[in-house]
Amino acid sequence: MARALVDELVRGGVRLAVISPGSRSAALAIASADHPGLETKVALDERSAGFLALGRAKAAGEPAMVISTSGTAPANYLPAIIEADLSLTPLVVLSADRPAEMRGVGANQTIDQTRLFGGKVRRFIEIAAPGPEPDQNDFWRSAAAEAVSRALGSAGRPGPVHVNVAFREPTVPVEDDGRARSEQYPHDIEGRTGRRPWLVWDVPSPPPPPRIETADADRPLLILGEGDYDGGAMLEVAEDRGWPALATALSGSRGRGTVSTYHHLLADGVPAPLCPDLVLAVGAVGPSPRLEALIGSAELRIRVDRWGRRLDPERSSTHVIHADPVAVMRQIGQGATASGWREGWVGADLRARDAIAGLLADSPHPSGASTAAALDAVPWETLVAASSLPIREVDAHLTRQGTVIANRGASGIDGFVSTARGVASAGRATVALSGDLALLHDQNGLLVEGGEDLVLVILDNEGGGLFDSLPQATHAPHYERLFVAPPHRDLEALARFHDIPITTVSGGNDLIDVVRSGIEMGGLHLVRVPVDRKADLDIRGALDHAGASVAASG
């Protein structure tokens, strides 16, 4: 059964299996390791394993799978499954289980694993322990084919799928393991000829867009967020029709004539010269809440998502559209724009960039902003940003084109190291930016089997520096202990424990040189940037003031 399931998952497009050791899952692990079309990695911690597969699926755009034994082991996948659910990432979870007769009777390492993840998975499939009956191969392979297709969005949206597979002993591939006996399965387990999938499910196309009256709007604005759409086609239409386009780092559309300094430009609100009357927002446009204020300033506020999600946290939209964003843009972008409208946004962006660069060059202290700006000059192909401060600094200071990945579905810091390693396993030059807490939160991600090339840059600011700019810093009792939570750990000692090279730099050109060298050398490298929280908060304030001054000057 395990060989049939694994083979069919590979036929459906799965290329990586992340395996956590266990006895009940032995058949699945061995079948995966033996399959010539499947890469396998071993992760001791199932939570880390889930995020490793998640990172690979995000980077490669194809489903990855995780394999666990029974009991609490698969429960550790829940954080990664939540992120896969919210970020529409195809993930296949194979959990081994005890057979039906061992459930509910106090058998060792047995819990109720049926529908363990509730509505957070696109499909739950239960596969009973195999017996001698014929034609089970039809069910096994059709179940695996359905699992992959559901993960890819055949039933509405991509996301995680849970397949719970029961096994009796012996769990190793012998007829007699000294504890139990089993006969060889006498029936065929072959798949379709020509390596074809057992069953092909089509992914539905989005519906056509509705007609929206926008004739009176002459200050239209396009905001590109994280989502499934053709960003290049969107920008071609925007340029042709004179729309300014703002692009979040996660959109992948920076460096294509898009505005990137909006976070600082909007620090004091939306200035009149930059106030739109129509906003078309595509996908998820976080993490800067200032973009939500910008959207809210327009009379027509249109949100569009290819998969039909309502990405409208302020509930400010006038239209929420389930359609192909390019089709929506071509339909509504017909009217003439006001004279100088696009030029006003582009000019403000260029002046803000110059002001930001000058402030960072003059600052004697390394900061999150200067680190993100330095990474802009490093030849990575994929940049992975942790939640909290790192993704905010990347979104505020990345200017060039490139793929940026972050776990912004639930915005958790959990599993970051594993996610970055999963992204790097896709084979592109990868740099990751983390805080010290995100690194320590997923230390077990450093225990995963290696082989990928990754430079992990750590902003070591002794705790949760983002809280310094939140109300807790002013109003919360026991602020340092309860919120900043400084870990007081030596990251260089941690790297030595894991036998991973680490370099401490002061930022700027040193950071650029060390990260570039790490990319060229290959392997896993840590780069530590010591950051003083007070100086970091001051530079964020100064950058906001500079951006707001540029915006106010017109």
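The values are calculated or read from the model by the stated rules, or taken from the named source; none is laboratory data. Because the structure is predicted, anything quoted here is derived from the model rather than measured. When we count neighbours, we look across all protein chains shown, and the Cβ atoms used for this are built from the backbone with ideal geometry, even at glycine.
Couple of notes before you dig in:
- Qualifying residue in region 199-217 (condition: surrounded by fewer than 17 Cβ atoms within 10 Å (Cβ to Cβ), touching a Pro at 6+ places or on another chain (Cβ under 7 Å) and either not β-branched (Val, Ile, Thr) or not assigned by TED's automatic domain parsing to the domain that holds GLN109 (or both)): no
- All positions within region 263-286 that are of a type in the set (A, V, I, L, M, F, W, C), more than 20 Å from SER317 (Cα to Cα) and assigned to a helix (DSSP H, G or I): LEU265, ALA272
- Residue in region 64-71 that is surrounded by fewer than 21 Cβ atoms within 10 Å (Cβ to Cβ), of a type in the set (Gly, Ala, Ser) and more than 18 Å from GLY13 (Cβ to Cβ) present: yes
- Residue selection: ALA438 fails the criterion of being closer than 21 Å to VAL505 by Cβ and in contact with a His (Cβ under 9 Å, 6 or more places away or on another chain).
- Counted residues, region 226-256 - those being touching a strand residue (DSSP E or B) at 6+ places or on another chain (Cβ under 7 Å) and not aromatic (Phe, Trp, Tyr): 17
- Qualifying residue in region 5-25 (condition: closer than 30 Å to GLU226 by Cα, in contact with a helix residue (DSSP H, G or I) (Cβ under 6 Å, 6 or more places away or on another chain) and hydroxyl-bearing (Ser, Thr, Tyr)): no
- Counting the residues of region 4-26 that are buried (at least 19 other Cβ atoms within 10 Å of the Cβ) and either more than 21 Å from VAL172 (Cα to Cα) or not small (Gly, Ala, Ser) (or both) gives 13.
- Residues that are at pLDDT 95 or above, farther than 20 Å from ALA551 by Cβ and either of a type in the set (D, E, K, R) or not assigned by TED's automatic domain parsing to the domain that holds HIS397 (or both) occur at least once in region 270-280.
- Selection status of VAL326, surrounded by 23 or more Cβ atoms within 10 Å (Cβ to Cβ), within 12 Å of LEU222 (Cβ to Cβ) and of a type in the set (Val, Ile, Thr): no
- Verdict on ARG290 being in contact with a His (Cβ under 8 Å, 6 or more places away or on another chain), part of a strand (DSSP E or B) and without any contact (Cβ under 8 Å) to a residue 40 or more places away in the chain: no
- Only one of the numbered conditions (1) without any contact (Cβ under 8 Å) to a residue 60 or more places away in the chain; (2) farther than 26 Å from LEU86 by Cβ; (3) out of contact with any helix residue (DSSP H, G or I) (no Cβ under 9 Å at 6 or more places or on another chain) is not met by GLY255, and that is (1).
- Residue check, ARG56 within 24 Å of GLY227 (Cβ to Cβ), in the same structural domain as VAL165 (by TED's automatic domain parsing) and not hydroxyl-bearing (Ser, Thr, Tyr): yes
- Residue satisfying all of: in region 454-497; β-branched (Val, Ile, Thr) and assigned to a helix (DSSP H, G or I); surrounded by the fewest Cβ atoms within 10 Å (Cβ to Cβ) among these: THR474
- Residues in region 123-161 that are in contact (Cβ under 8 Å) with a residue 60 or more places away in the chain and assigned to a loop (DSSP other than H, G, I, E, B) were compared, and the one that is farthest from TRP307 (Cα to Cα) is PRO130.
- When the test is whether a residue is of a type in the set (A, V, I, L, M, F, W, C), buried (at least 21 other Cβ atoms within 10 Å of the Cβ) and part of a loop (DSSP other than H, G, I, E, B), ALA298 passes it.
- The residue that is farthest from ARG533 (Cα to Cα), counting only those in region 460-483 that are in contact (Cβ under 8 Å) with a residue 40 or more places away in the chain and out of contact with any Leu (no Cβ under 7 Å at 6 or more places or on another chain), is GLU462.
- Scanning region 510-539 for residues that are modelled with pLDDT of 95 or more, touching a helix residue (DSSP H, G or I) at 6+ places or on another chain (Cβ under 7 Å) and not aliphatic (A, V, I, L, M) returns HIS525, ARG528.
One line per residue, one yes/no per condition, for (1) touching a helix residue (DSSP H, G or I) at 6+ places or on another chain (Cβ under 7 Å); (2) of a type in the set (A, V, I, L, M, F, W, C); (3) more than 30 Å from LEU459 (Cα to Cα):
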{"position": "ALA281", "(1), (2), (3)": "yes, yes, yes"}
{"position": "GLN331", "(1), (2), (3)": "no, no, yes"}
{"position": "LEU350", "(1), (2), (3)": "no, yes, no"}
{"position": "ALA361", "(1), (2), (3)": "no, yes, no"}
{"position": "THR382", "(1), (2), (3)": "yes, no, no"}
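- Residue match in region 121-138 (condition: over 19 Å from ARG15 (Cα atoms), of a type outside the set (A, V, I, L, M), modelled with pLDDT under 95 and touching a Gly at 6+ places or on another chain (Cβ under 9 Å)): yes
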